[in-house]
Amino acid sequence: MAKKQSSFKKDVRLYKRLLTYLLPVKWAFFLSFVGFGLYAAMDVLAVDILQYLIDSLGGESAAIGNIETGGIVANLLANTLNISDPLTMAKTLIPILMVLIAVFRGFGSFMGNFFMRYVGNSVVLKLRNELFEQLTQLPMAYINNKQSGKLVSRITFNVEQVTSAVTNALTTLFRDGLTVICLFSYLVYVNYKLTLTFLVVIPLIGLIVNVVSKRFRLISHRLQNSMGDITQVVTEAVNSSQDMRVYGAQASENSRFQKATLYNFRQKIKEAVADAALSPTVQILLTFAIALLVWIGLNSHSVSSLSPGSFVAYLVAAGAIAKPFRQVTSVLSIIQKALAAAEDIFTQLDEVTEKDTGVKTLPSVKGHLRFDNVHFTYPGAEKETLKGISFYAKPGEMVALVGGSGGGKSTLAGLIPRFYDATDGRITLDDELIDELSLDNLRSHIALVSQHVVLFNDTVAKNIAYGSMGDHSFEEIERASRLAHAHDFILRLPQGYDTPIGDNGVLLSGGQRQRIAIARAILKNAPILIMDEATSALDNESEQLIQSALLDVMKDRTTLVIAHRLTTIQRADKILVVQAGQIVEEGTHDELIANASHYAKLNQPSSPPY
Ligand code: ADP
């Protein structure tokens, strides 16, 4: 019971939170409500007119007033216009009324549907943008732990689920809910005793709907996860298409994908069973109620007080209630889907963004970088990755990090722009603790060329002047490209600097992409430059050229280089050998070679470096 209560409370909280997304467009919401109200009213009016029409066909008996002609509006109209003969009224005004009803009903339906879609799409717009903005600010720990496919599917699929709920469910709730209310009030008005019969089946229907809707929620959660799985497999297959082909992984990828789609299919089928069974069940129960009405109506005294028109109209109205009533119950499945999707979306929106508690900003820094007994453990990991790292790099110095793969070099470099926060120890930039600086300010002093060069679907020039560097002049971009030895090959591209780079830069070779990334870093002109295997994809010749160019660039800044090929760091002012999270050796190339220890071993041509 307590559990039921709390899940109910949770649902109410979810509804309330979803409602905050509707508030900015409440005017559209209101117009939609008015539109559907008009639609529902016209439905009842049509039955009302029918009632009058049938009674007026009673001709004489109606005319001589034996039986009162039913129909609220038509009678009202006849009285106002002083038309005493129902048949005259039926011949002249009723056809006009029928057309008018259809026109207003159509207009109401348009208004209701259009404005509700407006509301739904506004919610998508807001949710998507919020999710993406949140994504750009989430800590690296969150991003690294999540499968990218799931994040993508949340923004594409889950958000759509919420809209479909807002538009479809609210449309049905408004349109059909209001129709049910209007028709029901009409039934009470025409004969409340008969209407009581109707009420007998309502609790039964409620019970069925409750059970089914719980099942819908469960299936919807599973469906969302499975959509995430599908997107994940596709993303991986696209990103690793070459490896997949070379390593003959097509069959296993196909079977992974088929497993994901089969799971999705099974859930869809389960959903379909519940969805398809709900409507007919409700329909049968309602028909049962109507049959009961006919039986009671024809066997009891209550019918004698009704005109034939009223009785037919009553049955028509009772029958007409079935469809909207069914629709209202079917909406529950959509609402459950939406709530499941909304839960997932709000969970991400509630994730804490990167901790940005630093308030200091340094307009410019010289580049004194100091690590003082820094320890670091990845969130959730058991073992420490960095175990007491201490070093100092002064402006203009090139510090190289070498050592076996997995030693912690990239992790160490990642602590400088605070992708992760050190668990212990101090990292300072120009004697300021980096966590006292605001993230934006700290990162504005750092340029990074990472192992995985990611280029964006834009022109070459825009890829170099990326992010907040958009206002750099073309001359500056060109100068940076020259220094990165990228200028010549860029000019050879079909549209030079304006050549669009395909998705993730597929038009360029690995070395070319790296040179663009280096040009980007040079353009940023930051006092701290981090190069994580930045020249690994270059051939020897280009690497030599870039090295000499970089010497120029590095002159006034602090450069941290992680290098695979030891030839590239021989000129470093300081080489740190990192192994198992510790600096095991430190010195210049010559000193370390003379030491004949770790570095010297790494340097032996006969032994594979890592
Ligand atoms: P290197 O750059 O020297 O090759 P890394 O810094 O990439 O080494 O990795 C150091 C250690 O940290 C490795 O054992 C690796 O498995 C672990 N590691 C790297 N990234 C993560 C992460 N996001 N979460 C948990 N552990 C990680």
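For this structure, a couple of remarks:
- Taking the Cα centre of region 22-349 as reference, the dipole from Cβ charges on Lys and Arg (+1) and Asp and Glu (-1) amounts to some 1000 debye.
- Modelled label positions at LEU87 and VAL454, each set 7 Å beyond Cα in the direction of Cβ, lie 8.2 nm from each other.
- Ligands, DNA and RNA left out, the 1.4 Å accessible surface of region 511-601 is 44% carbon and sulfur atoms.
- A simple packing score, the average count of other Cβ atoms within 10 Å per residue, orders the peptides 511-517, 454-460, 140-146 as 511-517, 454-460, 140-146, with the highest score first.
- Normalising the average separation of contacting C-alpha pairs (under 8 angstrom, six or more residues apart) by the number of residues puts the relative contact order of region 22-349 at 29 percent.
- Amide H contacts under 5 Å for LEU448, placed H, 5+ residues apart: ILE530
- THR423 long-range amide H proximity, modeled H, under 5 Å: HIS375, PHE376, THR377
- Near GLY112, once Lys and Arg are set to +1 and Asp and Glu to -1 for all other residues with Cβ below 12 Å from its Cβ, the sum equals +2.
- Structure-based [θ]222 nm, the chain - -39500 (n - 2.57) summed over DSSP H runs of at least 4, per residue, nearest 500: -21000 deg cm²/dmol
- For the chain, the residue among PRO95, GLN570, PHE419 whose Cα projects farthest onto the positive side of the dipole built from Cβ charges is PRO95.
- Annotation: aspartates and glutamates with alpha-carbon distance below 19 angstrom to LYS409 (same-chain offsets under eight excluded): ASP372, GLU382, GLU384, GLU397, ASP421, ASP424, ASP532, GLU533, ASP573, GLU585, GLU586.
- Within the accessible surface of region 416-501, defined with a 1.4 Å probe on protein heavy atoms only, the carbon and sulfur portion equals 48 percent.
- Cross-link partners of LYS360 among lysines, defined as those whose alpha carbon lies under 26 angstrom from its own and excluding same-chain residues fewer than eight positions apart: LYS394, LYS524.
- Listed values for region 412-426 are Karplus-derived 3J(HN,Hα) couplings in whole Hz (6.51 cos²θ - 1.76 cosθ + 1.60, θ = phi - 60°), namely 4, 5, x, 6, 5, x, 6, 5, 10, 9, 4, 7, 7, x, 10, and x replaces Gly and Pro.
- Point-charge dipole on Cβ atoms (K/R +1, D/E -1) for the chain, about Cα centre, debye to 20: 1800 debye
- Sequence ranges 370-381, 240-251, ranked by mean other-Cβ count within 10 angstrom, highest first: 370-381, 240-251
- Close amide H partners of GLN582, meaning residues 5 or more places away or on another chain with modelled amide H under 5 Å apart, are LYS387.
- √(5λ) per eigenvalue of the Cα gyration tensor, the chain, largest first, Å: 74, 25, 21
- Dipole of the chain, positive end: most advanced residue of ILE518, VAL12, LEU401 [Cβ charges, Cα centre]: VAL12
- For LYS214, the aspartates and glutamates whose Cα falls under 13 Å of its own Cα, not counting residues fewer than eight places away in the same chain, are ASP11, GLU271, ASP275.
- Accessible area of region 22-349 belonging to carbon and sulfur atoms, whole % at 1.4 Å probe: 67 percent
- TRP27 accessible area, 1.4 Å probe, all protein chains in place, Å² to nearest 10: 120 Å²
- Note that region 394-411 has calculated 3J(HN,Hα) couplings of 9, x, x, 8, 10, 10, 9, 10, 10, x, x, 4, x, x, x, 5, 5, 4 Hz, one per residue in order, obtained from phi through the Karplus relation 6.51 cos²θ - 1.76 cosθ + 1.60 (θ = phi - 60°); glycine and proline are x.
- By average C-beta atoms within 10 angstrom, highest first, the peptides 178-188, 44-54: 44-54, 178-188
- Principal axis dimensions, largest first and in whole angstrom, of region 22-349 by Cα: 93, 40, 31
- Cα shape, region 60-197, gyration tensor, a/c 1.5 rule: prolate
- Here the extension length gained between SER473 and THR361 equals 37.7 nm, from 0.36 nm per residue of separation less the Cα-Cα distance.
- Förster radius 41 Å - calculated FRET efficiency between LEU138 and LYS555, Cβ distance, rounded to 0.05: 0.65
- Between the listed residues ALA165, LEU81, LEU135, the Cα displaced farthest toward the positive end of the dipole of region 22-349, a dipole computed from Cβ unit charges relative to the Cα centre, is found at LEU135.
- Accessible area (Å², per residue) of region 22-349, counting only protein heavy atoms and a probe of 1.4 Å: 50 Å²
- Computed lengthening from ASP421 to GLN582, 0.36 nm per intervening residue step minus Cα-Cα distance: 56.2 nm
The values are calculated or read from the model by the stated rules, or taken from the named source; none is laboratory data. The model shown is predicted, which means the values in this text are computed figures rather than measured ones. With ideal geometry, Cβ positions are generated from the backbone for all residues, glycine too; neighbour counts draw on all protein chains shown. Keep in mind that these areas ignore ligands, DNA and RNA; they rest on the heavy atoms of the full protein, side chains included. Shrake-Rupley method; radii C 1.70, N 1.55, O 1.52, S 1.80 Å.
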